[in-house]
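**Student:** Would you mind keeping the following structure in view while I ask a few things?
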Amino acid sequence: MSDKLWQQLRIEAQEVIQQEPLLASYVYSCVLNHKDLQSALSFILANKLSDDVMPVVTVRELFDNAFAEAPDIIEHAACDIKAVFERDPAIGAHLSVILYLKGFHSIEVHRLAHFLWINNRKELAFFIQSRNSEVFGVDIHPACKIGKGIMFDHATGIVIGETSVIEDNVSILQQVTLGGTGNEQGDRHPKIRSGVLIAAGAKVLGNIEIGTGAKVGAGSVVLNDVCAHTTVVGVPARLVGKPCSEVPAKTMEQNFFDDEVDK
């Protein structure tokens, strides 16, 4: 998928230059000067993460090494780009995702942090987590496992704990917390199954499971398991029906009033 997507990104980059010449230098630096998606991503993300004490060349080397040793990271990134393009009505081009969207950037930075974590470079993983939080406003523990086709819409204020698991094709909006309920140790964070939509401001707390294709309404506080293909809303969250779609993450429909009401 990444090779085909890369060709599309280059086409879109050329179109942007024609439409807005002032962006030509930026687009060339971020996309057209590179041979593939992994080179462009390492350049973009390293330039955003670097600071006065961690130069861009060093951060980019970390990304390049991770991409080379774990090529699935790039394939997952391609799935993430496709997910945003298909789910976000405000996005008209794949190029906008890699250039401008901090939700996408924060996921790909986490993929580096997780790679470092599982390769026993935990202090460096914490550094990358810290920069991710500072730069993009998203705080994901490096140990958290995240699948592919993930969308963080707007993303600001998302917090995800150490033992959280997010499976494929999940959409999460701003100000969502996947957290624990206290200072307990061990497996203590939520497990988000495929196709789930977690709407803005929801708090999902504890070692609980949000089942496949479930929907969590905006502002809800979820403290118990949520069954597959159900909608929960409220504080504390309660069952109110079933999503209109088998995969609510793809529809991004936060309104729950049209969901089928359980009899």
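**Student:** Output the residues belonging to the range 191-207 that are crowded, with 18+ Cβ neighbours inside 10 Å and among the aliphatic types (A, V, I, L, M).
**Tutor:** ILE192, VAL196, LEU197, ILE198, ALA199, ALA202, VAL204, LEU205
Rundown of residues vs (1) modelled with pLDDT of 95 or more; (2) outside any loop (DSSP other than H, G, I, E, B), yes/no style:
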{"position": "ASP168", "(1), (2)": "yes, no"}
{"position": "GLU184", "(1), (2)": "no, no"}
{"position": "SER194", "(1), (2)": "yes, no"}
{"position": "VAL204", "(1), (2)": "yes, yes"}
{"position": "ASN207", "(1), (2)": "yes, no"}
{"position": "GLY213", "(1), (2)": "yes, no"}
{"position": "ALA228", "(1), (2)": "yes, no"}
{"position": "ALA249", "(1), (2)": "yes, yes"}
{"position": "PHE256", "(1), (2)": "no, no"}
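**Student:** May I pose another question? Of the residues that sit in the range 146-190 and are of a type in the set (D, E, K, R) and farther than 18 Å from VAL135 by Cα, which one is surrounded by the most Cβ atoms within 10 Å (Cβ to Cβ)?
**Tutor:** LYS148
**Student:** So, in the range 213-252, exactly how many residues are surrounded by 16 or more Cβ atoms within 10 Å (Cβ to Cβ) and in contact (Cβ under 8 Å) with a residue 40 or more places away in the chain?
**Tutor:** Final tally of qualifying residues: 8.
**Student:** Now for a different question. Quick test for you: out of ALA68, ALA83, ALA90, pick the one residue that is surrounded by fewer than 17 Cβ atoms within 10 Å (Cβ to Cβ), hydrophobic (A, V, I, L, M, F, W, C) and over 24 Å from ASN33 (Cβ atoms).
**Tutor:** One residue alone meets the criteria, ALA90.
**Student:** GLY186 is checked against (1) without any contact (Cβ under 8 Å) to a residue 12 or more places away in the chain; (2) over 16 Å from the mean Cα position of the chain (by Cα); (3) farther than 26 Å from GLY234 by Cβ and fails just one. What number does that condition carry?
**Tutor:** Of the numbered conditions (1) without any contact (Cβ under 8 Å) to a residue 12 or more places away in the chain; (2) over 16 Å from the mean Cα position of the chain (by Cα); (3) farther than 26 Å from GLY234 by Cβ, the odd one out for GLY186 is (1).
**Student:** Given the criteria assigned by TED's automatic domain parsing to the domain that holds ILE17 and either assigned to a loop (DSSP other than H, G, I, E, B) or surrounded by fewer than 24 Cβ atoms within 10 Å (Cβ to Cβ) (or both), does LEU112 qualify?
**Tutor:** Against the criterion (assigned by TED's automatic domain parsing to the domain that holds ILE17 and either assigned to a loop (DSSP other than H, G, I, E, B) or surrounded by fewer than 24 Cβ atoms within 10 Å (Cβ to Cβ) (or both)), LEU112 does not qualify.
**Student:** While we're looking at this one, here's another question. List, please: which pairs have Cβ atoms under 9 Å, are six or more places apart or on different chains, and start with a residue in the range 48-61 that is surrounded by 13 or more Cβ atoms within 10 Å (Cβ to Cβ) and end with one that is hydroxyl-bearing (Ser, Thr, Tyr)?
**Tutor:** Once the first residue is surrounded by 13 or more Cβ atoms within 10 Å (Cβ to Cβ) and sits in the range 48-61, its partners that are hydroxyl-bearing (Ser, Thr, Tyr) give SER50/THR58; VAL56/SER50; VAL59/SER42; VAL59/SER50; ARG60/SER42; ARG60/SER50; GLU61/SER42.
Let's see how each residue does on (1) outside any helix (DSSP H, G or I); (2) of a type in the set (A, V, I, L, M, F, W, C):
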{"site": "VAL27", "(1), (2)": "no, yes"}
{"site": "VAL31", "(1), (2)": "no, yes"}
{"site": "ALA40", "(1), (2)": "no, yes"}
{"site": "ILE44", "(1), (2)": "no, yes"}
{"site": "ASP52", "(1), (2)": "yes, no"}
{"site": "THR58", "(1), (2)": "no, no"}
{"site": "PHE63", "(1), (2)": "no, yes"}
{"site": "GLU86", "(1), (2)": "no, no"}
{"site": "ILE91", "(1), (2)": "yes, yes"}
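The values are calculated or read from the model by the stated rules, or taken from the named source; none is laboratory data. Everything numeric in this text was worked out from a predicted model, so none of it was measured. Don't worry about glycine lacking a Cβ; one is built from the backbone with ideal geometry, like all the others, and counts go over all protein chains shown.
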